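To keep things clear, I will list the structure first and then write my remarks on it.
Each reported figure results from applying straightforward, stated rules to the coordinates on display, with no laboratory input. Note that the coordinates shown come from a computational prediction; the quantities given were computed from them, not determined experimentally. Please note: Cβ atoms are built from the backbone with ideal geometry, for glycine as well, and neighbour counts cover all protein chains shown.
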Amino acid sequence: MFRTVLVANRGEIARRIIRGCRALGLRTVAVYSEADRDALHVKDADDAVLLGAAPARDSYLNVERILEAARETGAQAVHPGYGFLSENWRFAEACARAGLTFIGPSAEAIRAMGDKPEARRRMAAAGVPIVPGSPEPVVDAATAERVAADIGYPVILKAAGGGGGIGMAKVATAAELAAAFATATRRAQSAFGSGAVYLERYLQASRHVEVQVFGDVRGVVVHLHERECSIQRRHQKLVEESPAPNLDPRTKQGLTEAALSGARAIGYVNAGTLEFLVDAQGSFYFLEMNTRLQVEHPVTEEVTGFDLVAAQLRVAAGEPLPFSQETIQQRGAAIEVRVYAEDPAKGFLPSPGAITRLSLPQAEGIRLESGVAEGSVVSVHYDPLLFKLIARGADRAQAITRLAQALDACVVEGVKTTLPLLRTIVAHPDFRRGRVHTQMVEQGAFHG
């Protein structure tokens with residue numbers, strides 16, 4: 001096992017990783033930007049290194065400076081968290097060249113799954129169902145129109161090198177396609193440095209269900225069951241839970257088997273997640289693979305009892321998985337909500353500024369993962385996630401009751417947040433019955 005881990009991230013996920021390292025007796029190094037000098041993750045770590053100015057390109061995306069920080073502090077390993085460089089295969093490769101252990105999968109696995117058309121080809125070859133779409137990026141609007149006519153509207157354009165819902169464009173009719181293509185390519189170029197996009201059929205009122213997988217260097221791959229992630233805004237998740245409610249056992253078995261097949265096909269090592277769309281008939285289709293720890297990993301930890309960060313560290317150090325498929329059981333239920341500094345009434349525009357008052361609940365069955373404190377400043381430069389609230393219960397009903405009470409107890413002043421929307425969602429009859437799909441927020445199901 002390595003002795004010192006550099007955490008190449010910020011906010012709540014950096015704090016979570018630091019806590020996981022400390023539990024194993026490992027020394028930690030935080031990195032930070034000028035904007036994050038007083039951030040909680042900097043105070044949590046044993047050592048901290050300034051990377052540069054506030055913009056991410058000058059700090060959390062500055063590969064050379066991060067590697068230099070590792071050398072300066074004697075770190076032997078780097079944990080990328082999620083976002084920033086976590087799914088950048090060149091960063092994983094650079095860590096290896098520098099003699100550092102990258103706590104995650106191989107650069108090759110990241111590269112293959114980060115190229116979305118390539119990921120679709122790999123999964124199809126492994127027998128995993130994929131959404132009908134273009135086998136390669138579409139080179140122009142005319143090509144996109146031909147593919148769309150083939151597979152049928154509505155369709156969705158996606159960045160070939162992207163993820164996290166960034167740059168997606170839904171297209172209902174042929175008349176909208178040319179303008180949507182121009183928008184999608186422009187956003188893809190801005191976000192990912194490549195304007196390449198591909199096209200898929202858009203599945204109406206589908207569910208977003210994902211499977212947590214974990215592999216080790218001995219070739220053992222397991223799943224840690226599924227998570228329901230259907231309630232989203234702008235294709236990004238707001239609420240996640242495990243088990244997925246009202247999921248047919250045969251569909252669940254198919255999903256977990258497909259996820260294992262996909263992970264084994266690419267020789268996957270460490271934590272990863274295969275995401276699927278599930279239609280009203282229970283058919284499912286591969287969406288993408290996230291080759292990192294997920295934002296929503298706490299719900300899996302709560303229902304399985306396993307520490308995924310500790311497992312990541314052990315597997316990266318060459319140890320076998322600390323659990324076998326037979327020992328991984330779902331017990332009870334857990335639900336996570338993400339609280340963002342955003343204004344839902346204004347299209348989820350970020351709400352930067354100082355948090356003038358913050359009061360968060362401490363109660364039985366409630367877990368909090370926070371990157372802020374009273375007085376923290378929400379920067380315009382980074383994702384506006386403030387904290388995650390996770391409720392667990394003996395069953396889903398108890399988890400919902402605890403979550404609703406915890407949300408009511410949250411007080412955040414100084415910035416707008418998604419708290420009012422989350423309270424509405426958790427109180428909504430369809431959510432309580434487990435009748436969810438990916439378009440609920442955009443269709444206004446939770447207004448009023």
To the nearest 0.05, the calculated FRET efficiency linking residue 346 and residue 218 through their beta-carbon distance, R0 being 41 Å, is 0.20
Modelled label-to-label distance, residue 139 and residue 46, 7 Å Cα→beta-carbon offset: nm?
5.5
Ellipsoid semi-axes in whole angstrom, largest first, where each is sqrt(5λ) of the Cα gyration tensor of region 132-201
18, 11, 10
Under a 10 Å cutoff between Cα atoms, tell me which one of 42, 415, 139 has the largest fluctuation in the Gaussian network model of the chain.
139
Grab the alpha carbons of the chain, take their convex hull, and tell me the volume per residue in Å³.
134
Calculated from DSSP H runs of 4 or more alone, at -39500 (n - 2.57) each and per residue, what is the 222 nm mean residue ellipticity of the chain, nearest 500?
-9500 deg cm²/dmol
Test of understanding: in a Gaussian network model of the chain with alpha carbons linked when under 10 Å, which of 93, 226, 413 would top the mean-square fluctuation ranking?
413
Fully extended contour minus Cα-Cα distance, from residue 125 to residue 57, at 0.36 nm per residue
20.8 nm
Rg and Dmax of region 4-103 over Cα atoms: what are they, in angstrom?
11.8, 33
What number, in percent, do you get for the relative contact order of the chain if the mean sequence gap of Cα pairs under 8 Å and at least 6 apart is divided by its residue count?
14
Averaging over all projection directions, find the projected area of the Cα convex hull of region 86-229 and quote it in nm² with one decimal place.
9.9
Residues in region 323-343, backbone N under 14 Å from the label point at residue 424 (7 Å along the Cα-to-beta-carbon vector): list them, ranges by number please.
343
If you average the alpha carbon positions of region 283-327 and of region 1-36, how far apart do those two centres end up, in angstrom?
19
Largest fluctuation, 24, 321, 277 only, Gaussian network model of the chain with Cα springs under 10 angstrom, belongs to 24
Can you tell me the dipole magnitude for the chain around its Cα centre, using point charges on the Cβ only (Lys, Arg +1; Asp, Glu -1), in Debye to the nearest 20?
160
Taking only the Cα atoms of region 207-432, how large is their convex hull per residue, in Å³?
131
Which of 414, 300, 316 sits farthest toward the positive end of the charge dipole of region 207-432, with +1 on the Cβ of Lys and Arg and -1 on the Cβ of Asp and Glu?
414
I need 153, 198, 340 ordered by Cβ neighbour count within 10 Å, fewest first.
153, 198, 340
Taking N as the number of residues in region 337-399, the ratio of its alpha carbon radius of gyration to 2.2 N^0.38 Å works out to 1.29
Between residue 72 and residue 174, what FRET efficiency follows from the Cβ-Cβ distance if R0 is 45 Å, with the result rounded to 0.05?
0.20
Below 28 Å Cα-Cα, how many Lys pairs turn up in the chain? Only count pairs eight or more apart in sequence, or on different chains, if you could.
23
Hey, for a label at residue 1 modelled as a point 7 Å past Cα toward Cβ, could you say which residues of region 29-49 have their backbone N under 20 Å away?
29-30, 45-47
Taking the C-alpha atoms of region 47-117, convex hull volume expressed per residue in Å³
88
Residue 394 label point, 7 Å along Cα→Cβ, cut-off 20 Å on backbone N: hits in region 311-341?
329-335
Counting other beta carbons within 10 Å of each residue's own, what order do 116, 170 fall into, fewest first?
170, 116
Give, in nm to one decimal, the length gained when the segment between residue 356 and residue 374 is fully stretched (0.36 nm per residue of separation minus the Cα-Cα distance).
5.9 nm
Ordered by fewest other Cβ atoms within 10 Å, a rough proxy for footprinting exposure, 432, 187 read 432, 187
